[in-house]
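Structure record follows, encoded as structure tokens.
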Amino acid sequence: MGPASLYVEIGSGDITLHATETTETEVHVDGRDADSVTVEQRGEQIVVIGPPRRGGLFGGSSELTVSVTMPLDSDVATKV
């Protein structure tokens with residue numbers, strides 16, 4: 001497999017991308033709501049979508065850390 005197409009949408013947090021000479025895309029998600037994050041392949045695109053933001057004073061933070069290793073020349077779109 002060649003370059004990937006990646007879309008990441010998380011409410012808040014950090015996204016780290018590592019482009020290297022590999023043929024696979026690996027996604028690691030850490031944080032309080034990591035179990036609520038959707039990571040799936042949709043056709044040629046890898047999609048990472050976090051839970052909706054919580055509002056209000058006591059909503060808490062769902063800060064996530066997303067780390068992705070992907071092939072060189074891959075496409076990336078993010079919404080943080």
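Worth pointing out:
- The residues in region 19-33 that are at pLDDT below 95 and within 17 Å of L64 (Cα to Cα) can be counted, and the count is 3.
- Of all residues in region 25-40, exactly one satisfies the criterion of being assigned to a loop (DSSP other than H, G, I, E, B) and closer than 21 Å to D73 by Cα, namely T25.
- Among the residues examined, T16 qualifies as at pLDDT 95 or above and β-branched (V, I, T).
- Restricting region 21-47 to residues that are of a type in the set (D, E, K, R) and closer than 12 Å to E63 by Cβ, the residue that is least open to solvent (accessible area, probe 1.4 Å): D33
- Positions within region 2-20 being open to solvent by 20 Å² or more (accessible area, probe 1.4 Å) and of a type outside the set (S, T, N, Q), in sequence order: G2, P3, Y7, E9, G13, D14, I15, L17, H18, A19
- Extreme residue, modelled with the lowest pLDDT, among residues of region 53-75 that are charged (D, E, K, R) and farther than 17 Å from Y7 by Cα: R54
- Residues in region 5-24 that are part of a strand (DSSP E or B) and more than 11 Å from the chain's Cα centre (by Cα): S5, H18, A19, T20.
- With respect to being open to solvent by less than 70 Å² (accessible area, probe 1.4 Å) and modelled with pLDDT under 90, G50 falls outside the description.
The values are calculated or read from the model by the stated rules, or taken from the named source; none is laboratory data. All values derive from a computational prediction rather than experimental measurement. When we count neighbours, we look across all protein chains shown, and the Cβ atoms used for this are built from the backbone with ideal geometry, even at glycine. SASA here: full protein model, heavy atoms, side chains in, ligands and nucleic acids out. Shrake-Rupley method; radii C 1.70, N 1.55, O 1.52, S 1.80 Å.
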